[in-house]
1. Quick query: amide H of Glu105 versus all other amide H atoms, modeled in the peptide plane; which residues come in under 5 Å with a sequence gap of 5 or more or a different chain?
2. Answer with a single label: of (1) 34, 19, 13; (2) 41, 18, 16; (3) 24, 22, 15, which was calculated as semi-axes √(5λ) of the Cα gyration tensor in Å from the structure in view?
3. Give, in nm to one decimal, the length gained when the segment between Ile117 and Ser174 is fully stretched (0.36 nm per residue of separation minus the Cα-Cα distance).
4. Roughly speaking, what is the centre-to-centre gap between segment 157-210 and segment 31-106 when only Cα atoms are used, to the nearest Å?
5. Choose one of Ala163, Leu190, Gly40: the residue whose Cα lies farthest towards the positive end of the charge dipole of the chain (beta-carbon charges +1 Lys, Arg; -1 Asp, Glu; about the Cα centre).
6. Answer with one residue from Ala58, Met126, Ala85: the one whose Cα lies farthest towards the positive end of the charge dipole of the chain, charges on Cβ with Lys, Arg +1 and Asp, Glu -1.
7. Step through the table entries Lys38/Lys206; Lys101/Lys152; Lys45/Lys151; Lys48/Lys206; Lys61/Lys121; Lys96/Lys121, compare each Cα-Cα distance with 26 Å, and write down the pairs that go over it.
8. Could you give the dipole magnitude of the chain about its Cα centre, charging the beta-carbon of Lys and Arg +1 and that of Asp and Glu -1, in debye to the nearest 20?
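What follows draws every value from the coordinates through simple rules; no lab data is involved. In this text the structure is predicted, and so the values were computed from the model without any measurement. Backbone-built Cβ (ideal geometry, glycine too); neighbour counts: all protein chains shown.
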Amino acid sequence: MRLQIAFDMVSIEEALEMAEKIHDIIDIVEIGTPMIIKYGMQPVKRMKERFPQLTVLADTKIADGGEIEARYAVEAGADIVTVLAVAADNTITGAKNVVHKAGKELYVDLLSTPDIIQRSKELETMGVDYIGVHTAVDVQQSGTTPFNDLKKLSETVSHTRIAAAGGITLDTLSLAMLSHPDVIIAGGGLTNAPDLRAAVLAFQNKMADR
């Protein structure tokens, strides 16, 4: 089980400063969609240049133009690129082919997918590397969590790695762990902590005790 930190509402310099504190203990660093919308691929490029040993995920949430957009992310240094599950099969396959040719990985986000069970089966057949459930920020405000969907996903796929994102904190981490995901993603639950390194270690210690 790996821990991924999501940098969303921060500047490039702030993300680099936070990564400096945890680069030796974090598993995956995500350059979130808000950062990509604001800064393009620069934060991906600079994160990988500063910390070449880190696994960097570009949360591009590709919906169309799978090949070209995945190529931009890979060229910037992304090790993992994300595409939306609601995108066309050709878009997902195109992105997959590009990242695999580069020796990188494709993560498919089930955000707003109507039938996650059926779509997850299709995605596994396509040969994607990760499938992740995701409760959108705009939906979290109503109390929705990703844990029920995560359970469904874990019971559906057999060999594709699974991940969970959506408001996960240290207090709710155990609920995510019940479904044994391969990756747990935390944004504000880590980045808003007064001591980032201590927060990452607290998550990892709890994950190790499963």
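1. Ile80, Val81
2. (3)
3. 18.2 nm
4. A separation of 22 Å, based on Cα centres.
5. Ala163
6. Toward the positive end, the furthest listed residue is Met126.
7. Lys38/Lys206; Lys101/Lys152; Lys45/Lys151; Lys48/Lys206
8. Taking the Cα centre of the chain as origin, the dipole is about 240 debye.
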